[in-house]
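What follows is a short report on a single structure.
The values are calculated or read from the model by the stated rules, or taken from the named source; none is laboratory data. As the structure is a computational prediction, the values presented were derived from the model and not from experiment. Neighbour counts are summed over all protein chains in view; Cβ atoms, including those assigned to glycine, are modelled from backbone coordinates with ideal geometry. To get the accessible areas, we keep the full protein, side chains included, count just its heavy atoms, and leave off ligands, DNA and RNA. Shrake-Rupley method; radii C 1.70, N 1.55, O 1.52, S 1.80 Å.
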Amino acid sequence: MIKIKTAQEIAAMRKTCRLAAETLVMIEEHVKPGVSTLELNNICHEYIISHGAVPSPLNYRGFPKSICTSINHQICHGIPSERIIRDGDIINVDITTYLNGFHGDTSKTFHVGNPTPKGEKVSKVALECLNAGIAVALPGVTINNIGKTIEGIAKKNRCSVVREYCGHGIGREFHEEPAVLHYADQRDRITIRPGMIFTIEPMINLGKPDIKHMKDNWTVVTKDHSLSAQFEHTILITETGNEVLTDLGGKITEMG
Ligand code: MF3
Ligand code: CO
Ligand code: CO
């Protein structure tokens, strides 16, 4: 069942989404060569807790940390560890906050130190895919317009779209209906309606779309070890269009 949010629920979603976005903006200056992903985790954890919220990933289906950090060929769900990030790495930091009973979810791929041409390419395409998906997430059209648009842009740039993970409704639950696919799918019959809140979070690979899991059973990586990038926003569908709830004046969707 897709939940249409009430005015009160929307007000609460604005707050949790703003906090998630603020956390992502806050962590940017710490994303530097020589820092461990555990340090990034701990700084975000403290920030979220000090704002009266809880990091949603912590203990979610057994996830052991408070944020996800996915480096280079890691696609998503990377577990923060003692691993040190290095000049030229790309790293996706995915923040989800649980504030007053509601989840807000956003992520961004950062360049560590000096960007490499490949890192720059894949993150630029991932960001373009997210922005184009948001632009067609409008009331009255079917939800797969988003996936069709994203897949088109990825293909045009000779990149591929990860198929195993998708965007999702979000609210009182971390992952709600609908599933928001990032590729074209003929079976789509869901019409986007005002009051829906969902994420768009395309994972874009420089090489093939195929994935595998690392031994920790969480970290998802590209099978061919090609670079992968992702950006994520939580959006509210309005009567006339949409509102990006995790945007702070465009700061998130600028390049990291
Ligand atoms: N934040 C991720 C998403 O965008 C989900 C992370 S689940 C976790 O949906 F358990 F890995 F944290
Ligand atoms: Co999400
Ligand atoms: Co997320």
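Looking at the stretch 172-194, can you tell me whether even one residue there is more than 30 Å from F63 (Cα to Cα) and crowded, with 18+ Cβ neighbours inside 10 Å? So far as the stretch 172-194 goes, yes, one or more of its residues are more than 30 Å from F63 (Cα to Cα) and crowded, with 18+ Cβ neighbours inside 10 Å. Among residues of the stretch 1-17 that are over 14 Å from I237 (Cβ atoms), those with a beta-carbon under 6 Å from a residue that is open to solvent by 70 Å² or more (accessible area, probe 1.4 Å) at least six positions away or on a different chain give the pairs A12/N100.
Does Q74 meet the test of being buried (at least 20 other Cβ atoms within 10 Å of the Cβ) and polar (S, T, N, Q)?
Working: buried (at least 20 other Cβ atoms within 10 Å of the Cβ): yes; polar (S, T, N, Q): yes.
Yes, satisfied.
Just one of (1) β-branched (V, I, T); (2) crowded, with 22+ Cβ neighbours inside 10 Å; (3) more than 12 Å from ligand 3 (Cβ to nearest atom) fails for I95. It is (3). Restricting the stretch 223-246 to residues that are within 16 Å of ligand 3 (Cβ to nearest atom) and β-branched (V, I, T), which is most open to solvent (accessible area, probe 1.4 Å)? In this case the residue turns out to be V244. Condition check for E176 on (1) closer than 19 Å to E243 by Cα; (2) in contact with a Ser or Thr (Cβ under 7 Å, 6 or more places away or on another chain): one failure, at (2). The selection criterion, being at pLDDT 95 or above, touching a strand residue (DSSP E or B) at 6+ places or on another chain (Cβ under 9 Å) and either among the small types (G, A, S) or surrounded by 21 or more Cβ atoms within 10 Å (Cβ to Cβ) (or both), does not hold for G152. If you filter the stretch 182-219 down to residues that are within 13 Å of ligand 2 (Cβ to nearest atom) and assigned to a loop (DSSP other than H, G, I, E, B), you find that the one that is farthest from N72 (Cα to Cα) is H182.
Does the stretch 55-72 contain at least one residue that is at negative phi, modelled with pLDDT of 95 or more and assigned to a helix (DSSP H, G or I)?
The answer is yes, given that some residue of the stretch 55-72 is at negative phi, modelled with pLDDT of 95 or more and assigned to a helix (DSSP H, G or I).
Within the stretch 132-151, the residues that satisfy the criterion of being touching a residue at least 40 places away in the same chain (Cβ under 8 Å) and either outside any helix (DSSP H, G or I) or at positive phi (or both) are A137, L138, P139, G140, V141, T142, I143.
Going by the conditions given, is I95 touching a Leu at 6+ places or on another chain (Cβ under 6 Å) and among the hydrophobic types (A, V, I, L, M, F, W, C)? Against the criterion (touching a Leu at 6+ places or on another chain (Cβ under 6 Å) and among the hydrophobic types (A, V, I, L, M, F, W, C)), I95 qualifies.
Residues of the stretch 94-126 that are within 16 Å of ligand 1 (Cβ to nearest atom) and outside any strand (DSSP E or B): A126 alone.
The residue that is farthest from ligand 2 (Cβ to nearest atom), among those in the stretch 59-70 that are in contact with a strand residue (DSSP E or B) (Cβ under 9 Å, 6 or more places away or on another chain) and more than 18 Å from V25 (Cα to Cα), is K65. Condition check for H51 on (1) closer than 29 Å to I192 by Cα; (2) touching a Leu at 6+ places or on another chain (Cβ under 6 Å); (3) open to solvent by 50 Å² or more (accessible area, probe 1.4 Å): one failure, at (1). Scanning the stretch 195-222 for residues that are of a type in the set (D, E), more than 26 Å from V136 (Cβ to Cβ) and either crowded, with 21+ Cβ neighbours inside 10 Å or within 16 Å of ligand 3 (Cβ to nearest atom) (or both) yields nothing.
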